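Novice: Before anything else, here's the structure in question.
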Amino acid sequence: MNLTKEQIQALEDFAYNLIPIPIIAAMMEVDELELREAIGDYGSEARRAYYRGYGRMLMETRKGIIRSAQNGSNPAQVELLQFIREFENDMKL
C-alpha cells in the first residue's frame, strides 16, 4: 500500500487519538484490509507511523499516571506497579 505523506501523518494522528483501524480506513478512504496489512508489515512506513502515534499517546498517559502515583494516588500507584512488572518481564528477553 502506497500512502502519501499526508496520509502517513493522518495515520499517526488517528493512532495518537486511539481511533480504531476500521474507522481510520473509512476516514482515509482506503481499503481496511490493505491498511491492516500495511500496519502489520514490519518494514512499512505505515506501521512506523501507526506506532509513533500510539506510542506518543501511551507515553503521555503513563507520564500522567506516574505523576499521580508520585502525588499519592492509590489507584495510580497500583497501575504504576503493573507497568513496572510489565517492564521487568520485557527486560527478560
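Just so it is clear, none of the values below were taken in a lab; they were calculated from the coordinates. Owing to the predicted nature of the structure, the values given are computational and were not obtained by experimental measurement. No Cβ is skipped: glycine too gets one built from the backbone with ideal geometry, and neighbour counts run over all protein chains shown.
Novice: What is the one condition in (1) under 16 Å from residue 12 (Cβ atoms); (2) surrounded by 14 or more Cβ atoms within 10 Å (Cβ to Cβ) that residue 59 does not satisfy?
Specialist: (2)
Novice: Here is a follow-up. Residues in the range 1-14 that are more than 10 Å from residue 46 (Cβ to Cβ) and assigned to a helix (DSSP H, G or I): how many?
Specialist: Number of matching residues: 6.
Novice: If you take the residues in the range 34-65 that are outside any loop (DSSP other than H, G, I, E, B) and acidic (Asp, Glu), which one is farthest from residue 78 (Cα to Cα)?
Specialist: Filtering first and then ranking leaves 34.
Novice: Among the candidates 36, 56, 62, 85, which residue alone is of a type in the set (Lys, Arg) and in contact (Cβ under 8 Å) with a residue 40 or more places away in the chain?
Specialist: 56
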